[in-house]
1. Excluding residues on the same chain fewer than 8 positions from K397, give the aspartates and glutamates whose Cα lies under 14 Å from its Cα.
2. Specify whether the C-alpha gyration tensor of the range 5-104 places it in the rounded, prolate or oblate class, a ≥ b ≥ c being the square roots of the eigenvalues: rounded for a/c under 1.5, otherwise prolate if a/b is larger than b/c and oblate if not.
3. Roughly how many debye, to the nearest 20, is the charge dipole of the chain about its Cα centre, given +1 on each Lys and Arg Cβ, -1 on each Asp and Glu Cβ, and no other charges?
4. FRET efficiency for D236 and I417, Cβ-Cβ distance as r, R0 = 22 Å, nearest 0.05?
5. Among S375, T145, H206, pick out the residue whose Cα is farthest towards the positive end of the charge dipole of the chain, where Lys and Arg carry +1 and Asp and Glu carry -1 on C-beta, about the Cα centre.
6. Given R₀ = 56 Å, FRET efficiency for L176-A333 by Cβ-Cβ distance, to 0.05?
7. If the cut-off is 30 Å between C-alpha atoms, which lysines fall inside it for K21, apart from same-chain ones fewer than 8 positions away?
8. Suppose every K and R has +1 on its Cβ and every D and E has -1 on its Cβ; what is the size of the dipole of the range 5-104 about the Cα centre, in Debye to the nearest 20?
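The values are calculated or read from the model by the stated rules, or taken from the named source; none is laboratory data. If you're wondering where the values come from, they're calculated on a predicted model, not measured in any experiment. Ideal geometry is used to build each Cβ from the backbone, glycine not excepted, and the neighbour counts take in all protein chains shown. When the accessible area is computed, the model is the full protein with side chains, heavy atoms only, and any ligands, DNA or RNA have been set aside. Shrake-Rupley method; radii C 1.70, N 1.55, O 1.52, S 1.80 Å.
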Amino acid sequence: MPDPLRLGIAGLGTVGIGVVKIFQRHADMLSRRTGRTIEISAVSARSRNKNRDADLSAFAWESDPVALAKRADVDVFVELIGGSDGPARDSIEAAIAQGKDVVTANKALLALHGQSLAEMAESKGHVIRFEAAVAGGIPVVKALTEGLAGNDIGRVMGVMNGTCNFILTRMESAGLPYAEVFEEARQLGYLEADPNLDVGGIDAGHKLALLAAIAFGTKVAFDAVELEGIGRISIDDIHRARDMGFRIKLLGVAQMTGRGLEQRMSPCLVPAESPLGQLQGGTNMVVLEGDSVGQIVLRGAGAGEGPTASAVWSDIIDIARGTRLSTFGQPAATLATPVTAKASAPAPHYMRMELLDKPGALAKVATLLGEAGISIDRMRQYGHMNTTAPVLIVTHKTTRDAIDHAFSQLPRTGVVIGDPVAIRIEAV
Ligand code: HSE
């Protein structure tokens with residue numbers, strides 16, 4: 001039997017404890033499946049005395065994750081601290097410098113520093129694996145890196161932030177405004193310590209940038225993700241989009257176009273009956289499109305103790321089995337620097353605006369949109385709200401630039417009240 005594989009686990013929050021529990025529940029099974037014994041040598045966290053839902057007495061304790069990363073009895077450093085810099089980065093760098101493999105769930109760190117860390121590890125013949133960083137328990141990194149490795153990937157898209165999907169679906173089902181459901185999410189403990197990571201689309205943007213790197217063989221380009229959060233989505237838009245046959249999702253889309261790599265994480269309308277449209281609550285869904293395989297849809301828990309720890313273990317098991325994959329599916333030194341393309345591909349859009357309810361108002365708006373080259377597919381006017389009437393328009397394919405131009409001209413019609421809303425409709 002080969003030597004045992006010895007782990008050092010840094011970070012004993014929800015995920016870290018989940019990793020320990022799987023080890024304690026399934027040590028024999030893990031050993032059978034990998035052909036070697038797996039041990040946890042030592043663990044580390046900020047506070048030793050905190051009450052934790054697992055017995056840690058069999059493991060050595062380190063208060064400093066960098067010291068844990070350097071221990072001679074640690075072969076694989078498992079980083080579950082979080083944060084794009086600070087102790088997480090310091091300890092991973094220390095582990096790589098000591099010639100250890102790394103498993104991490106840290107999307108922020110890899111989205112910002114993944115290229116340099118992967119190059120550092122690979123130059124020493126070591127691996128960094130991050131299945132748990134993207135979409136929790138869904139094995140999407142594995143699907144892209146291994147299962148679909150024979151495909152030219154056309155598009156990667158998905159709902160990759162469960163908190164945002166919870167907020168949007170709860171707004172619809174309970175008819176509650178954003179602010180109220182945001183507060184519910186906070187009380188349920190769904191929000192990150194910095195809620196803007198969730199509702200600002202940043203967390204999901206990190207995940208999309210990581211998948212794009214694997215899918216398109218490019219260096220991670222988080223800065224190039226066009227980000228828009230869900231804070232502007234109103235209950236009116238949710239209900240009215242539904243009337244028109246759509247649901248609003250915080251949707252990530254990455255695709256390689258003739259102009260370069262397009263990456264956006266923004267609210268989009270998707271057909272209500274599509275798999276993405278049907279996705280409820282905190283669940284994640286990732287859709288992968290390959291030239292030979294067609295479309296693959298993966299759905300599951302994107303966060304939480306069990307699902308995320310399950311993903312951490314899939315990486316540990318690979319290392320134990322001797323499966324040594326490059327971090328981003330090909331040697332980091334061979335990843336191309338992507339040309340960034342603004343997401344300007346035309347798409348149908350949903351528009352909502354409030355018009356003065358008087359003769360000719362609608363005609364003025366339709367004329368202005370026509371002058372801006374925007375063609376109307378469907379339109380619906382709702383009953384009066386005092387002196388105004390809400391109007392919904394679904395356009396044929398048009399660009400965001402054309403819409404922004406048209407919206408800048410709307411005040412001269414003298415019939416539009418307040419700010420109009422436009423949301424892209426994604427073909428899924
Ligand atoms: N906060 C994330 C979510 C989980 O709600 O999906 C961690 O990335």
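1. D377, E426
2. Details: a/c = 1.79, a/b = 1.20, b/c = 1.50.
Oblate, because a/c is 1.5 or more while a/b does not exceed b/c.
3. Details: 43 positive and 48 negative charges, 81 e Å.
The calculated dipole for the chain is roughly 400 debye.
4. Working: r = 14 Å, r/R0 = 0.62.
About 0.95, to the nearest 0.05.
5. About the Cα centre, the residue reaching furthest to the positive side is S375.
6. On the way: r = 50 Å, r/R0 = 0.89.
Here the calculated transfer efficiency is 0.65.
7. Once the sequence-local lysines are set aside, what remains near K21 is K50, K70, K100, K107, K142, K207.
8. Taking the Cα centre of the range 5-104 as origin, the dipole is about 280 debye.
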